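Undergrad: Below are the structure tokens for one structure; questions will follow.
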There are 2 protein chains.
Amino acid sequence: MNTTQPNTVNGVDVNALTTTVKAIQAEPAIAGFRFRATNRAIEGGLNRSEIGCFYGARQEQRTERAPFVLENDEPPVLLSKDQAPNPVEYVIHGLLGCMTTTTLYKAAAHGIEIESMRSEVEGDLDLQGMLGLDPDVRPGYQEIRARLIVKTKGDRETVRGFHRSSPVFDTLARPVPIKVEVVFED
Amino acid sequence: MNTTQPNTVNGVDVNALTTTVKAIQAEPAIAGFRFRATNRAIEGGLNRSEIGCFYGARQEQRTERAPFVLENDEPPVLLSKDQAPNPVEYVIHGLLGCMTTTTLYKAAAHGIEIESMRSEVEGDLDLQGMLGLDPDVRPGYQEIRARLIVKTKGDRETVRGFHRSSPVFDTLARPVPIKVEVVFED
């Protein structure tokens, strides 16, 4: 982590972070975000998403750049061609990244410099759930185990719990209401 | 969706799928998978994951190819440089892809050809949760809404519920036990 500017800690502009927090405290509606994706099936386990604009800070957040394009695929043992990570791998990638960013941002807000941070994760999944072969087996992850390896001269007990505020951690640890509409087109 | 081989439906080799299901029924341990990722912080909201081998079908599944590399970043309004999707966007990308693949595979198992499938998703997130500004606001997604748009000549009522067996759908809809170990290195 380089501190390239006087007010930058862990690559985070602390003045901007403080300004954001104060703005949200003054007007909580600023904190409401809507993230979006679209997807299209290609063949077998291969499909492709685009991630473009999102809503946040009370406005549509548009960008000059092209949408991000992400592909899902499945490995041969799961009957596809292994051209991309699979959906459950994207989820644990997001989990590690979110716990990392949350830790770095919160540490920055506390003025704690993180010299380095790396992490690893493993999740257990039993295909019997997805295949409907055993009603006692859930289709999703049964357990996820992660390890965060942090190097800092700051107070370790302060840093230790930061990842628990991670949006992806919370999204996985607690149930999310999901509404799915299935529409058929001619 | 092209049906390129006699036993292929929706790009899925139905004979291989049937063989897999029978093998799991004979020996359920085959169905146990462990997916993994590693990650390293770069700067601010930017970090990078690698996704390499996984465990499944009672063995380490290694591959000749290089690991998949994925980056997380955050947009400027979230104080980073927008070089990649952010972690919560990866989660909804995984959700769409998983519901799509689950629908195509299950349809294939039923001999139902899906001519096309596309989808869209939106998730609500309130930054007050992550920032710890309001204890009543969760850090993660408060609600996720998705729409699946399917074109098929097959029985619509059969197809309608397939996405509910999706591992990512279940992972988000129901709580997952997550164990996180935080280790400090000198």
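The values are calculated or read from the model by the stated rules, or taken from the named source; none is laboratory data. What you see is a predicted model; the values in this text were computed from it and never measured. All Cβ positions, glycine included, derive from the backbone under ideal geometry; neighbour counts span all protein chains shown. SASA here: full protein model, heavy atoms, side chains in, ligands and nucleic acids out. Shrake-Rupley method; radii C 1.70, N 1.55, O 1.52, S 1.80 Å.
Undergrad: If A:V183, B:V69, B:V168 are ordered by their accessible area, calculated over protein heavy atoms with a 1.4 Å probe, which sequence runs from highest to lowest?
TA: So, going from the largest accessible area down, we get B:V69, A:V183, B:V168.
Undergrad: Please give the helix A:87-109 orientation as an angle from the longest Cα principal axis of chain A, in degrees from 0 to 90, rounded to the nearest 10.
TA: Computed tilt is about 10 degrees.
Undergrad: Any idea what log10 I(q)/I(0) is at q = 0.15, 0.17, 0.31 Å⁻¹ for segment B:37-82, Debye with uniform C-alpha scatterers and no solvent?
TA: -0.51, -0.58, -1.04
Undergrad: I've got another one for you. So what are the ³J(HN,Hα) numbers for segment A:111-120, from phi and the Karplus equation (6.51, -1.76, 1.60; θ = phi - 60°), rounded to whole Hz, Gly and Pro as x?
TA: For segment A:111-120, the Karplus curve yields x, 9, 7, 9, 6, 7, 8, 9, 7, 9 Hz.
Undergrad: Let me ask another. What is the percent carbon and sulfur in the accessible area of the protein assembly as shown, measuring with a 1.4 Å probe over the protein chains and ignoring ligands? All intermediate terms of the calculation are to be shown ahead of the outcome.
TA: Values: 7470 of 15990 Å².
Carbon-and-sulfur percentage of accessible area, whole number: 47.
Undergrad: Taking the label point 7 Å from Cα in the Cβ direction, how far apart in nm is A:D136 from each other copy of itself, listed shortest first?
TA: Once sorted, the set of distances for A:D136 reads 4.1 nm.
Undergrad: Please work out the Cα convex hull volume for segment B:1-69 and give it in Å³ per residue.
TA: Taking the convex hull of the Cα positions in segment B:1-69, it is 142 Å³ per residue.
Undergrad: Compute the acute angle (0 to 90°) between the alpha-carbon long axis of helix B:14-26 and the principal axis of greatest extent of the alpha-carbon atoms of chain B; round to the nearest 10°.
TA: Rounded to the nearest ten degrees, it is 80.
Undergrad: Sticking with this structure for a sec: Among the GluC sites (Glu not before Pro) in segment B:109-186, which ones are in a DSSP loop with at most 11 other Cβ atoms within 10 Å of the Cβ? Mind listing them? Don't skip to the end; give the middle numbers.
TA: On the way: sites: B:E113, B:E115, B:E120, B:E122, B:E143, B:E157, B:E181, B:E185; in loops: B:E113, B:E185.
Here the sparse-neighbourhood loop sites are B:E185.
Undergrad: Let me ask you something else. Which FRET efficiency value, to the nearest 0.05, do you get for B:K179 and A:T158 by plugging their Cβ-Cβ distance into 1/(1 + (r/R0)^6) with R0 = 25 Å?
TA: Computed FRET efficiency for B:K179 and A:T158: 0.75.
Undergrad: Mind checking which lysines have their C-alpha under 29 Å from B:K151, skipping anything on the same chain fewer than 8 residues away?
TA: A:K81, A:K179, B:K106
Undergrad: Then there is this: Give the nm distances, rounded to one decimal, from B:A29 to the matching residue in every other copy, measuring between label points 7 Å along Cα toward the beta carbon; shortest first.
TA: 6.0
Undergrad: Given N residues in the protein assembly as shown, what is Rg(Cα) / (2.2 N^0.38 Å)?
TA: Values: Rg = 20.6 Å, N = 372, 2.2 N^0.38 = 20.9 Å.
Here the Cα radius of gyration is 0.99 times the empirical estimate.
Undergrad: Which GluC sites (Glu not before Pro) in segment B:13-112 sit in a loop by DSSP (not H, G, I, E or B) and have at most 13 other Cβ atoms within 10 Å of their own Cβ?
TA: Hits after loop and neighbour filter: B:E64.
Undergrad: Also, I was wondering about something else. Quick one: what are the phi-derived ³J(HN,Hα) couplings along segment A:29-46, Karplus 6.51/-1.76/1.60 with θ = phi - 60°, whole Hz, x for glycine and proline?
TA: 4, 4, 7, x, 10, 10, 9, 9, 8, 10, 8, 9, 5, 10, 6, x, x, 8
Undergrad: How about segment B:36-129: which trypsin sites (Lys or Arg not before Pro) there are in a DSSP loop, with at most 16 other Cβ atoms within 10 Å of their Cβ?
TA: Loop-located and lightly packed - B:R58, B:R62, B:R65, B:K81.
Undergrad: Only helical DSSP H runs with n ≥ 4 go in: add -39500 (n - 2.57) per run for the protein assembly as shown, normalise by residue count and round the 222 nm mean residue ellipticity to 500 deg cm²/dmol.
TA: Working: 10 runs with 106 residues, N = 372.
My calculation for the protein assembly as shown gives -8500 deg cm²/dmol from helical runs alone.
Undergrad: Ranked from the most accessible area to the least, with a 1.4 Å probe and all protein chains present, what is the order of A:R156, A:R138?
TA: A:R156, A:R138
Undergrad: I'm checking a number: the convex hull volume of the Cα atoms of segment A:116-159, normalised per residue, in Å³. What is it?
TA: 69 Å³
Undergrad: Computed from the mean reciprocal separation of all distinct C-alpha pairs, what Kirkwood hydrodynamic radius does segment A:86-174 have, in Å?
TA: 14.3 Å is the Kirkwood radius here.
Undergrad: Would you mind listing how long chain A runs along its three principal axes, going by Cα atoms, in whole Å with the largest first?
TA: Projected onto the principal axes, the Cα atoms of chain A cover 55, 37, 29 Å.
Undergrad: Keeping all protein chains in place, calculate the accessible area per residue for segment A:86-174 (probe 1.4 angstrom), answer in Å².
TA: Ligands and nucleic acids excluded, the figure is 33 Å² per residue.
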